[in-house]
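Colleague: Quick one: structure below, then a few questions.
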Amino acid sequence: MSHMQNLYLLVPLAPLLGAIAAGLFGNILGRKWSHRITIALVAVSFAASVAIFKDVMAGHQFNGTVYKWMTSGDASFEVGFLIDRLTVMMMLVVTFVSLMVHIYTIGYMEEDPGYQRFFSYISLFTFSMLMLVMANNFMQLFFGWEAVGLVSYLLIGFWFKRETAIYANLKAFLVNRVGDFGFLLGIALILMVFGTLDYAAVFANAGRYVNDFAPIPGVSWNLITAICILLFIGAMGKSAQFPLHVWLPDSMEGPTPISALIHAATMVTAGIFMVARMSPLFELSETALSFVMIIGAITALFMGFLGIIQNDIKRVVAYSTLSQLGYMTVALGASAYSVAVFHLMTHAFFKALLFLAAGSVIMAMHHDQDIRNMGGLRKYMPITWITSLIGSLALIGTPFFSGFYSKDSIIEAVEYSHLPVSGIAYAAVLAGVFVTAFYSFRMYFLVFHGEERFGKDHHDHQGDHDDEEVASDHHHGLAPGQKPHESPWVVTVPLILLAVPSVLIGLVAIEPMLFGNYFLDAIYVGENHRVLDEMHEEFHGAIAMALHSFISLPFMFALAGVVSAWYFYMKKPSIPAAIKQRFTGVYTLLDNKYYFDIFNDWFFAGGARGTSRFLWKFGDVHLIDGVMVNGTAKLVGRFSGVLRKAQTGYVYHYAFAMITGVFVLLTVRTWFE
Amino acid sequence: MSFLSTLYSAYAEIFLLVMVSVILIADLFTAGRTKTVTYLLVQVTLLGCSLITVATHRDGIDHLFHHMFVDDLMSDVLKLLSYMAISMMLVYSRSYLLARGLFSGEFLALVLFSLLGMMVMISASNFITLYLGLELLSLSLYAIVALQRDSAIATEAAMKYFILGALASGLLLYGMSMLYGATGTLDVNAVSSAIQHGVPNKALLVFGLVFVVAGLAFKLGVVPFHMWVPDVYHGAPTAMTMLIGTAPKLAAFAFVMRILVEALQPLMVHWSGMLAILAVLSMALGNISAIAQTNLKRMFAYSTIAHMGFLLVGVLSGSNEGYGSAMFYAVVYVIMSLGGFGMILLMSREGFEADKLSDFKGLNQRSPWLAFMMLLLMFSMAGVPPTVGFYAKFAVLNAAVQAGHIPLVILAVLFSLIGAFYYLRIVKLMYFDAPESHERIYMQPDSSLLISLNGLGVLILGILPGTLMSVCAVSVQQSLLLPH
């Protein structure tokens, strides 16, 4: 088995090596060699993941320590790998999407001065994400968790001269801190209760701690519920669940390849993965599961609404990502972990595809991202068009496409769930289907069909951008009369390679993953939460499921969404404008994203600044610096000056001091006798 | 047994005495102002003493001269460290003294006589021997301070030192005579057993103890018996200050151990309270007064007072750990002081004493390496990890905590905190201020090598304090034969 262990090590370390090479020696290596080395090493990582996948399917699992970092008291902190079927699936998804994004970046970042830095970051991200999914203990999970957050921060602010990018990455960082705080508390609680951070040991003993504890006298909590909710708060930050979702739309300030890799396919799904990994804990608490489900349902529906009114092509996809993450979370709440992970996988492919296609469109439009300035791109960019269509069809859940299998399974799982909140969640995810179809095809029609609106003098509405320096301006758009053209092969090949699994992976994988016991013991579902067993009774093969769906409710909803999008934006473009006029209140609410950003800016950011200012002005400057530090220093200094005078230089004074000393000692002695 | 073999344990002292006589005579016949021959003879003598001390080491405790003299592990270790300190002092101060015409045969002979006094003190097991050694040391030091006859400030310092030293000797002798009156013996171990068996006049005993403590306190220079320290440190030529401030502190530590621990251990409840008062006063006054000083030697004088207070905290803990940590502290203090005074000596030139704080301004620009060495020494004195000064303080405080002296420990830490100010001020002057002169610093190769060893030693001992720590702990434990 030792050569397998070397292979396990190779998977995360190869991208790390690439990151170091491109990051520290990028200037020496130059552009060409930087991308060659990083891509080759990620390809090695992918190949190793495939080999490990085969090995795991042959029945070899692994759970062991690679390196002991330190021991503190009874707790030991280790780096270790848990290689089971869940891990290996994530490894495949991460390395594959990462490889595609690496290749795509050659084309997308061609003119960027930070070329090598970008390759270094995405390789570093790949390493971090792999460490996260391969962890066999909470310490390493947390390391990977923070490391992906760091790289995400660095990449959102990749164009660090842009004010908006700096704002966005700071926001992402701060919001994630809120989630990570909960996550860290959860891990701390685990360490306190179980005395270990090892997954296997924690899961084995989880059943013993279903009792209550009282952290504050008079308040009694269920231990497992507290742990699960705290861990899930971490997932809410990382996977952008309501109300910690606010950072994800802004993260679109980063270059498009990382929106595909980090903010759609992999990092944001870390929360979903983590909850699935923790299924033996979550299964013990119905409260936590209900909490998960309701949060997911809110995110799935309400973030979808916001997608409808966005005009920035990337933001539409971003809100769609939020909504889809909500779907996965709902599935987790319904104890359908394998369904959530299944959707995670299909989503990774088709959402990465959609993002990369959006990036291709953005390149063709010379970095104009406003869909109102597009239209009719179909004939100029055939490959981008067809792959986008595939991605959109997969996203809305068209039968036979991958998204259909995973999303329909989620809806079905919620239907079968017995949790008290499952009724609301079911309504939300069903309505979400219509919303998804509507905004997806609104974007699709506006970009690829209809009147060609580019190349006109349409920059009035974003005139402020024209004043910016050219170097920092990524919104310049096509010049009048200029025509868009298809992107180079390094862009289109990843699109095609991602389109294939977007179509097929659902059809192939649904049976083993959901009903075929693919996950073995990697995922645990409690006795009374076996929704998949109920679904299994209805399941008669993937083809039959697709055929049957044509008369099902979700399909109707999706179809209605597509048709209304076509009618509103192709047939009668006056209708959306009229609706906007009629329902100004609703539109303003959506336009301000439910006022979350404004509230956060005012309450949290403003409140924190106010408190800090008070603590600085009064607490630090006045009290600590003024009274305590400088005050005592002044006192000591003054005292020192007085004492200095005692050293008179007269020898009889000195002798007097000695004699006095003897008397004092004598007095003290006789006093105590 | 032949007569010579009964002197086995005192070979080092005898060798030293013979060599001093030889050097005194040899000096008359060597010409030249630089006294190279005499100087080398002195260094050879110190080396010879070290070899003899190592060679004559025997496990256990040997008494000779009718129980007047003792040879144990602690005395051997302290003697070896004293040789080292004297030798280093001579390397540091040679060019300084040559420039001032003070590097004479008399000086070297007096240094060796003072060393002999220290050795007798370290190995004394009778009050008479203790006093003999003390007077030999003190008289040599008075003369050394007065050696610069034409300097008013030096002669004034010598005068003050002599008068106050005589007063302290009187107090000590008075105390010893009362102890004799109470116990009927002057032998260290006999006094101890006499007290344990009960003495008729307890008041006399305690009275004697107070006077003995006063005498000890003068030698250590703790408040309120400290007044001579700043004036003598300041007034004496820097090389003499270095001599007074280093090796004799080891002898003083041995003095404390012999009297308070070996002879008067049964009175520990009494003397530990007194030492606590002296320690707190010393740490407070030493650290606070040092802040107001502008002269580096004076500042070191107050710093010494504070350090000796700290050392007493270790002693008054009354446990093996306490004594061991106090010994460690004494050794570390000597190493740090050698470096600190050595730095002043290195920076001085003919007609220029680098003993003002402002002389260290911008040292980093003039000589980054010297500045770094001084930084290490200052960090160590302030007790910043990972320098050895931190471990010395930590060990002492640890022993005091274990002995239950929590308020004392809190005070000690607070005063160390205040003390950190004036050490770090030197670092600030060296690194952040502009130099007042850009004159080159001329260094002899031997002293510049030594200062590097000294500075780096403070750091290395701080990272690996284990060996020295266990040497101190074991020697205290084996020599005083205390129960655990």
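Colleague: Collect the residues in segment B:204-227 that are part of a helix (DSSP H, G or I), under 21 Å from the mean Cα position of the chain (by Cα) and away from every other protein chain (no Cβ under 11 Å), keeping them in residue-number order.
Modeller: As a first pass, look at segment B:204-227 and keep what is part of a helix (DSSP H, G or I): B:204-220.
Add one more test, that the residue is under 21 Å from the mean Cα position of the chain (by Cα), and what stays is B:212-220.
Those that are part of a helix (DSSP H, G or I), under 21 Å from the mean Cα position of the chain (by Cα) and away from every other protein chain (no Cβ under 11 Å): B:Leu216, B:Lys219, B:Leu220.
Colleague: Among (1) small (Gly, Ala, Ser); (2) in contact with a strand residue (DSSP E or B) (Cβ under 8 Å, 6 or more places away or on another chain); (3) modelled with pLDDT of 85 or more, there is one condition A:Ser76 misses while meeting the rest; what is its number?
Modeller: Answer for A:Ser76: the failing condition is (3).
Colleague: List, please: which pairs have Cβ atoms under 9 Å, are six or more places apart or on different chains, and start with a residue in segment B:56-76 that is under 12 Å from B:Ala10 (Cα atoms) and end with one that is in a strand (DSSP E or B) and aromatic (Phe, Trp, Tyr)?
Modeller: Qualifying pairs under 9 Å: B:Asp62/B:Phe69; B:His63/B:Phe69.
Colleague: Right, something else. For segment B:417-459, name all the residues that are part of a helix (DSSP H, G or I) and without any contact (Cβ under 8 Å) to a residue 12 or more places away in the chain.
Modeller: Across segment B:417-459, the qualifying residues are B:Leu417, B:Lys428, B:Phe432, B:Pro445, B:Leu449, B:Leu453.
Results for (1) open to solvent by less than 20 Å² (accessible area, probe 1.4 Å); (2) touching a Cys at 6+ places or on another chain (Cβ under 7 Å); (3) over 15 Å from B:Ile451 (Cβ atoms); (4) more than 14 Å from chain A (Cβ to nearest Cβ), shown as yes or no for each residue.
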| residue | (1), (2), (3), (4) |
| --- | --- |
| B:Phe372 | no, no, no, yes |
| B:Val388 | yes, no, yes, yes |
| B:Tyr391 | no, no, yes, yes |
| B:Leu397 | no, no, yes, yes |
| B:Ile418 | no, no, yes, no |
| B:Phe421 | no, no, yes, no |
| B:Arg425 | no, no, yes, no |
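Colleague: Could you tell me which of the residues B:Met373, B:Met378 is aliphatic (A, V, I, L, M), part of a helix (DSSP H, G or I), at pLDDT 90 or above and touching a Phe, Trp or Tyr at 6+ places or on another chain (Cβ under 8 Å)?
Modeller: B:Met378
Colleague: For segment B:36-47, how many residues meet the condition of being over 22 Å from the mean Cα position of the chain (by Cα) and either open to solvent by 40 Å² or more (accessible area, probe 1.4 Å) or among the small types (Gly, Ala, Ser) (or both)?
Modeller: Within segment B:36-47, the first condition is being over 22 Å from the mean Cα position of the chain (by Cα), and the residues that meet it are B:36-41, B:44.
Okay, now just the ones that are also either open to solvent by 40 Å² or more (accessible area, probe 1.4 Å) or among the small types (Gly, Ala, Ser) (or both), so B:36-37, B:40-41, B:44.
Going through segment B:36-47 one residue at a time, the tally reaches 5.
Colleague: Tell me, which residue of segment B:100-154 that is touching a residue at least 24 places away in the same chain (Cβ under 8 Å) and charged (D, E, K, R) is nearest to B:Leu171 (Cα to Cα)?
Modeller: Once the filter is applied, the top-ranked residue is B:Glu135.
Colleague: For the condition over 30 Å from B:Gly208 (Cβ atoms), among the basic types (Lys, Arg) and within 9 Å of chain B (Cβ to nearest Cβ), what is the one hit in A:Arg609, A:Arg644, A:Arg613?
Modeller: Going through A:Arg609, A:Arg644, A:Arg613 in turn, the sole match is A:Arg644.
Colleague: Okay, moving on. Show me the helices (runs of 4 or more DSSP H) found entirely inside segment A:233-304 where at least 1 residues are out of contact with any helix residue (DSSP H, G or I) (no Cβ under 9 Å at 6 or more places or on another chain).
Modeller: none
Colleague: Give the residue that is nearest to B:Ala217 (Cα to Cα), with candidates limited to residues of segment B:160-171 that are within 11 Å of chain A (Cβ to nearest Cβ), buried (at least 17 other Cβ atoms within 10 Å of the Cβ) and without any contact (Cβ under 8 Å) to a residue 60 or more places away in the chain.
Modeller: Taking the candidates together, the pick is B:Ala168.
Colleague: B:Gly318: over 19 Å from B:Thr238 (Cα atoms) and more than 17 Å from the chain's Cα centre (by Cα), yes or no?
Modeller: On the way: over 19 Å from B:Thr238 (Cα atoms): yes; more than 17 Å from the chain's Cα centre (by Cα): yes.
Yes, satisfied.
Colleague: Scan segment A:278-333 for residues that are closer than 15 Å to A:Ser422 by Cβ and open to solvent by 10 Å² or more (accessible area, probe 1.4 Å) and jot them down.
Modeller: So the first thing to find is which residues in segment A:278-333 are closer than 15 Å to A:Ser422 by Cβ, and the list is A:286-298, A:300-301, A:326-327, A:329-333.
Residues satisfying the conditions are A:Glu286, A:Thr287, A:Ser290, A:Phe291, A:Ile294, A:Ile295, A:Ile298, A:Leu301.
Colleague: Something else: How about segment B:291-304: which of its residues are facing chain A (nearest Cβ under 8 Å) and either within 11 Å of B:Gly419 (Cβ to Cβ) or open to solvent by less than 10 Å² (accessible area, probe 1.4 Å) (or both)?
Modeller: Scanning segment B:291-304 gives B:Ile291, B:Gln293.
Colleague: So which residues in segment B:186-203 are away from chain A (no Cβ under 12 Å), in a helix (DSSP H, G or I) and open to solvent by 10 Å² or more (accessible area, probe 1.4 Å), if there are any at all?
Modeller: Listed by number, the residues that qualify are B:Asn189, B:Ala190, B:Ser192, B:Ser193, B:Ala194, B:Ile195, B:Gln196.
Colleague: Across segment B:54-75, what is the total count of residues that are crowded, with 23+ Cβ neighbours inside 10 Å and in a helix (DSSP H, G or I)?
Modeller: 2
Results for (1) surrounded by fewer than 22 Cβ atoms within 10 Å (Cβ to Cβ); (2) assigned to a helix (DSSP H, G or I); (3) within 14 Å of chain A (Cβ to nearest Cβ), shown as yes or no for each residue.
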position: B:Val77; (1), (2), (3): no, yes, no
position: B:Tyr83; (1), (2), (3): no, yes, no
position: B:Arg94; (1), (2), (3): yes, yes, no
position: B:Met119; (1), (2), (3): no, yes, no
position: B:Ile128; (1), (2), (3): yes, yes, no
position: B:Met178; (1), (2), (3): yes, yes, yes
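The values are calculated or read from the model by the stated rules, or taken from the named source; none is laboratory data. Everything numeric in this text was worked out from a predicted model, so none of it was measured. We place every Cβ from the backbone using ideal geometry, glycine too, and count neighbours over all the protein chains shown. The area values use the complete protein model at the heavy-atom level, side chains included, leaving out ligands, DNA and RNA. Shrake-Rupley method; radii C 1.70, N 1.55, O 1.52, S 1.80 Å.
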